[in-house]
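What follows is one structure encoded as structure tokens, with my remarks underneath.
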There are 2 protein chains.
Amino acid sequence: MEAAVPLPGTIGTSASLALRLGQVVFASASLLFMSFRVEFFGYTSFCYLVVIMGLVIPWSTTLALVDAYSIVLKYVPRQPKLMCFVIVGDWVLSFLSLAAACSTAGVTALLLDVGQLNCPVKLCRRYQLSAATAFLSWFLSFASSLFNLWLLPSL
Amino acid sequence: MEAAVPLPGTIGTSASLALRLGQVVFASASLLFMSFRVEFFGYTSFCYLVVIMGLVIPWSTTLALVDAYSIVLKYVPRQPKLMCFVIVGDWVLSFLSLAAACSTAGVTALLLDVGQLNCPVKLCRRYQLSAATAFLSWFLSFASSLFNLWLLPSL
């Protein structure tokens, strides 16, 4: 069964593919800023961010592949079970990445404010960039989940 | 126009009243733990938590009054504009309070870990309690917004 015109942004459309690719890019950027030559494992919040971004990247990559596949084959997947799984997964990951971004931002602000901890400006700048890209990744992930949620009553 | 049987948890039901009262209680507890004889204004995250909890309390109190009013008068408000306003407000406040709870939790964990900052155990315990009650308040607020969102397609 196929819907006549899929709403832009729902699974299987090019808008969804763009959103997913954006998520992957921002989540990877956040992970790299945080983990490349930085002792992130000293701080609980930073470890949490790394774990969550490590979950977001494979999830969004898989769904980007599904989108690309359905654009090429002109087939839009609309199985209710699959859609529910995608929607719930999106929501959970969206909340988790918001939580990770916020706690990173809070800790970075504290590190910058206090100054008596060993946080050179260059390092703190990277923490800030990591938090900012995590927020962008959250925002795109939230947009995806909203679009897909809109589809739920029509299943 | 009245719906035949309102879904439990949507606006105007006793389940919704209970959720709203829970939000008010937990948000007030979080605010008190944070602001009563504590220098919270030294930390950005803690100021943010206080601001958000100061928004959640009047919002949930107002909606609790609406619920109580509609339980007593046996009238369920179902104006689409009002419902949209309530749903959007709930979502926004739910995200903001999750963000506040997470950044507070992150900063508290850091303060406890590092130890070289002036954070006596008794004070840090209160920060933790404040973060925990903020999480509970977020959870109830999220439940409210989910129940009300469920109502949206039937408007």
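The values are calculated or read from the model by the stated rules, or taken from the named source; none is laboratory data. Bear in mind that the values here come from a model prediction, so they are computed numbers and not experimental data. Cβ placement follows ideal geometry from the backbone for every residue including glycine, while neighbour counts extend to all protein chains displayed.
One line per residue, one yes/no per condition, for (1) under 28 Å from A:V121 (Cα atoms); (2) modelled with pLDDT under 85:
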{"position": "A:G9", "(1), (2)": "no, yes"}
{"position": "A:L17", "(1), (2)": "no, no"}
{"position": "A:A29", "(1), (2)": "yes, no"}
{"position": "A:S35", "(1), (2)": "yes, yes"}
{"position": "A:E39", "(1), (2)": "yes, yes"}
{"position": "A:G42", "(1), (2)": "yes, yes"}
{"position": "A:L49", "(1), (2)": "yes, no"}
{"position": "A:G54", "(1), (2)": "yes, no"}
Unique residue being more than 13 Å from the chain's Cα centre (by Cα) and within 22 Å of A:A27 (Cα to Cα) when the list is A:A68, A:A131: A:A68
Subset of segment A:5-59 (residues that are of a type in the set (D, E, K, R) and within 18 Å of the chain's Cα centre (by Cα)): A:R20
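Can you pull out the residues in segment A:5-42 that are part of a helix (DSSP H, G or I) and within 14 Å of chain B (Cβ to nearest Cβ)? Let's see the steps before the verdict.
Going through segment A:5-42, the residues part of a helix (DSSP H, G or I) turn out to be A:14-35, A:40-42.
Passing the criteria: A:M34, A:F40, A:F41, A:G42.
Can you confirm whether segment A:70-81 contains a residue that is buried (at least 21 other Cβ atoms within 10 Å of the Cβ) and either in contact (Cβ under 8 Å) with a residue 24 or more places away in the chain or under 25 Å from B:F142 (Cβ atoms) (or both)?
no
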Any hit, segment A:135-146, residues being closer than 28 Å to B:A132 by Cα, in contact with a Leu (Cβ under 8 Å, 6 or more places away or on another chain) and free of Cβ contacts under 8 Å to residues at least 12 places away in the same chain: no
Residue that is modelled with the lowest pLDDT, among those in segment A:72-125 that are under 24 Å from A:T61 (Cβ atoms) and basic (K, R): A:R78
